[in-house]
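S.K.: What follows is a structure written as structure tokens; I'll ask about it next.
Quick note: the coordinates plus some simple rules give every number you see, no bench work behind them. Since we're looking at a predicted model, the values are computed, not measured. Neighbour counts run over all protein chains shown; Cβ positions are idealised from the backbone, glycine included.
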Amino acid sequence: MSFLIDSSIMITSQILFFGFGWLFFMRQLFKDYEVRQYVVQVIFSVTFAFSCTMFELIIFEILGVLNSSSRYFHWKMNLCVILLILVFMVPFYIGYFIVSNIRLLHKQRLLFSCLLWLTFMYFFWKLGDPFPILSPKHGILSIEQLISRVGVIGVTLMALLSGFGAVNCPYTYMSYFLRNVTDTDILALERRLLQTMDMIISKKKRMAMARRTMFQKGEVHNRPSGFWGMIKSVTASAPGSENLTLIQQEVDALEELSRQLFLETADLYATKERIEYSKTFKGKYFNFLGYFFSIYCVWKIFMATINIVFDRVGKTDPVTRGIEITVNYLGIQFDVKFWSQHISFILVGIIIVTSIRGLLITLTKFFYAISSSKSSNVIVLLLAQIMGMYFVSSVLLIRMSMPVEYRTIITEVLGELQFNFYHRWFDVIFLVSALSSILFLYLAHKQAPEKHMAP
Amino acid sequence: MKLKALPSMSRSDWCRIPEQALPQEGSGKMASLDRVKVLVLGDSGVGKSSLVHLLCQNQVLGNPSWTVGCSVDVRVHDYKEGTPEEKAYYIELWDVGGSVGSASSVKSTRAVFYNSVNGIILVHDLTNKKSSQNLYRWSLEALNRDLVPTGVLVTNGDYDREQFADNQIPLLVIGTKLDQIHETKRHEVLTRTAFLAEDFIAEEINLDCTNPRYLAAGSSNAVKLSRFFDKVIEKRYFLRESNQIPGFPDRKRFGGGPLKNLHYD
């Protein structure tokens, strides 16, 4: 009986999450496009719903809500469904939509998308070989095999995003790094852009006039004599068309230049807006936060290096350690069991909410930047895949932040994965990503001023 | 949406480069033709680049790719074709890329192309309703830029019929991808676009950019296009002396007939 009640609670919450994902899709992601394939929207919302349910189950575990056996059952079911979606459905549909975009293969869409899916499965399977993630006693088609591979991809993604985010955040917030851009710089660049456009126009006018005279001459020739006149007009106009190809090449070069100038001007406008924003109150607040985050970022890089060098993976979670410190050093006595439950609930809750929010915002920005009306379906499905993998690996890593008594369910359901490996892998990729972002931003920052100060 | 004040050395000062100052190349025939500037606006992916290619080179564009910034093409148009006053003009078609929801820095950069515009072609995709709705925002973006010298302020970004009634710049609405609309839905789509064109006080043409027969000489589409270009040239070169004529909001319904006769004799 209690199982039925628990299941209905779970299903209600799943429907709520599904609705939220649907709304997010319509209002935020696709607000400039028209949804023609509802399949895409459904898949996105379903992935979102099942991912959020996993987090919900963790919270329920900490708070002790619902029956423990029904929790276990729902965990298993949820995991199976998510793996089904991430490994079978989403890649298949990605392949299907990519193939539909290519005109040549339009006829045999299904065949080619199946082929693409098989290629994906092959590489996905091969991914697990170099990593020591499984103990050898598991069979081929077990959940652990799939989860381990999904976990590796997801953890890599998380670490890359964290590393880049940790470095980019202070860089964007602090106004110390803003280049000085004046109005005259912008006007000078705009003038160059318009001059380039005028040069392109004058060349195109030559081409248009040449085509017109050729067309008129061709007409005069064709009317009196039929077949031979046509042959003559072809050979006679040969030098004319050669001239045209030369001009066309010059035009191509000029058009490339105009595109470059356009992008540079847009960049200058963006920098100018940021300078103006930094003078406002909000801007100053973010500037201050930027200093704070840069210290945090340096500390994280330091900790990651220490973890790798001294080959240590944290044994206790922050909650228990914090409580230990307060009890032992500060001498404050309180009910450890009671408080550890609530504090870990709050901590885990904050981690979950900020990571979901951060991911959705990043996905939206990414989507706006690179999508067009042709590729929007494929990109949304890719984002759904990334989101699913990200959330699954968040569950793997969040285990470290929880006290031992709450970790059991994750350990039980996910089987005997080598959790320590995932933490080590996260640290390595985080370090690599952070250091390369520092290098990349440094180079980009150095190179930019020289471009614009040139007369 | 208030308009920003431009710095003292404003764009409009040096943007109007007279035709004679352009680099003279080749035969004198080229330099003697006057020019008009027409913007081609619309969401990304509707087919502006294919349309411009079709209009200027009478060929279908083989591999359309994403337009960054602005791409220009030129068409030679015979004003008043078939009459003794026939004269050839250059029509510059400025195909401005991007989406209507771009960052404001991209919008500010695009605004440099909207100076001294003589006509606007609004392009939308018949299979995508959002692109038709976005045309209102596109036209506002372009028209606001151009109304700066006369000091007209716009209070918000919404569509305002009064503004289009006062508008001096001829508009043309073109719907693309007609071949992808199924026969049964055609009537409904065409009714919707007729309303759209009426809102802009403009003519409309519906075609497929991959098929040149829609603009074949003598077809009604070609006639509408020719009339639009004639109107643009007229507004630029023949009605200039009289400036704006306020209080004639319905002159376009008469096809500008009585007004034309006033200025040619």
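S.K.: Would you tell me the mean number of C-beta atoms belonging to other protein chains that fall within 10 Å of each C-beta in B:48-55, as a whole number?
M.R.: Counting Cβ atoms of other protein chains within 10 Å of each residue's Cβ and averaging gives 0.
S.K.: Test of the criteria: in segment A:23-71, which GluC sites (Glu not before Pro) are in a DSSP loop and have at most 16 other Cβ atoms within 10 angstrom of their Cβ? Don't jump to the answer; show the numbers that get you there.
M.R.: On the way: sites: A:34, A:56, A:61; in loops: A:34.
Passing sites in segment A:23-71 are A:34.
S.K.: What is the log10 of I(q)/I(0) for segment A:1-119, computed with the Debye formula using one identical point scatterer on each Cα and no solvent, at q = 0.10 Å⁻¹?
M.R.: Summing over Cα pairs of segment A:1-119 leads to -0.42.
S.K.: Next question. Show me, for segment B:126-132, the HN-Hα J-couplings you get by feeding each phi into the Karplus relation (A = 6.51, B = -1.76, C = 1.60, θ = phi - 60°), rounded to Hz, glycine and proline as x.
M.R.: Here the 3J(HN,Hα) series is 5, 8, 10, 5, 4, 5, 5 Hz.
S.K.: Here's another thing I want to ask about it. Please state the relative contact order of segment B:35-238 as a whole percent: Cα pairs under 8 Å, 6+ residues apart?
M.R.: 24 percent
S.K.: So, in nm, how far is label residue B:198 from label residue A:102 when the simple model puts each one 7 Å beyond its Cα toward the Cβ?
M.R.: Inter-label distance under the simple model: 4.7 nm.
S.K.: Using a 7 Å offset from the Cα along the Cα-to-Cβ direction at both residue A:275 and residue B:190, what is the distance between the two label points in nm, to one decimal?
M.R.: Simple spin-label model gives 5.6 nm for this pair.
S.K.: Want the number for residue A:342 to residue A:289: 0.36 nm per residue separation, take away the alpha-carbon distance, what's left?
M.R.: Result: 16.3 nm gained on full extension.
S.K.: Now for a separate question. Within segment A:250-280, which trypsin sites (Lys or Arg not before Pro) sit in a loop by DSSP and count at most 13 neighbouring Cβ atoms inside 10 Å?
M.R.: The qualifying sites are A:279.
S.K.: Report the net charge of residues surrounding residue B:93, where surrounding means a beta-carbon distance below 13 angstrom and charges are Lys +1, Arg +1, Asp -1, Glu -1.
M.R.: Values: positive: A:204, A:205, B:35, B:37, B:48, B:75; negative: B:73, B:92, B:95.
With Lys, Arg at +1 and Asp, Glu at -1, the net is +3.
S.K.: Please work out whether segment A:1-62 counts as rounded, prolate or oblate from its C-alpha gyration tensor, where a ≥ b ≥ c are the square roots of the eigenvalues and a/c under 1.5 means rounded, while otherwise a/b larger than b/c means prolate and anything else oblate?
M.R.: It is prolate, given that a/c is not under 1.5 and a/b is the larger ratio.
S.K.: Among the chymotrypsin sites (Phe, Trp or Tyr not before Pro) within segment A:246-302, which fall in a DSSP loop and have no more than 14 other Cβ atoms within 10 Å of their own Cβ?
M.R.: In loop regions of segment A:246-302 (DSSP not H, G, I, E or B), there are no sparsely surrounded chymotrypsin sites (Phe, Trp or Tyr not before Pro).
S.K.: Could I ask something else about it? Using a simple spin-label model with points 7 Å from Cα along the Cα→Cβ vector, what separation in nm is obtained for residue A:350 and residue A:428?
M.R.: Between residue A:350 and residue A:428, the simple spin-label model gives 3.1 nm.
S.K.: Take peptides A:110-116, A:153-159 and line them up by average Cβ neighbours within 10 Å, highest first, as a rough protection proxy.
M.R.: A:153-159, A:110-116
S.K.: Around residue A:99, what is the net charge, scoring Lys/Arg as +1 and Asp/Glu as -1 over all other residues with Cβ under 12 Å from its Cβ?
M.R.: After counting each charged neighbour, the total is +3.
S.K.: Given axes a ≥ b ≥ c from the Cα gyration tensor, I'd like to know whether segment B:35-238 is rounded (a/c under 1.5), prolate (a/b larger than b/c) or oblate.
M.R.: Rounded, because the longest to shortest axis ratio a/c is under 1.5.
S.K.: Here is the link list: B:80/B:235; A:203/B:80; A:205/B:177; B:48/B:107; B:129/B:231. Which ones come out longer than 24 Å on Cα distance?
M.R.: A:203/B:80; A:205/B:177; B:129/B:231
S.K.: How crowded by other chains is A:188-198, given as the mean number of beta carbons from other chains within 10 Å of each beta carbon? Can you show the working numbers first?
M.R.: Values: counts 0, 2, 8, 4, 0, 5, 7, 2, 0, 8, 6.
Per-residue shielding by partner chains comes out at 4.
S.K.: What does the average come to when, for each residue of peptide B:107-120, you count the partner chain Cβ atoms lying within 10 Å of its Cβ?
M.R.: Average per residue, whole number: 3.
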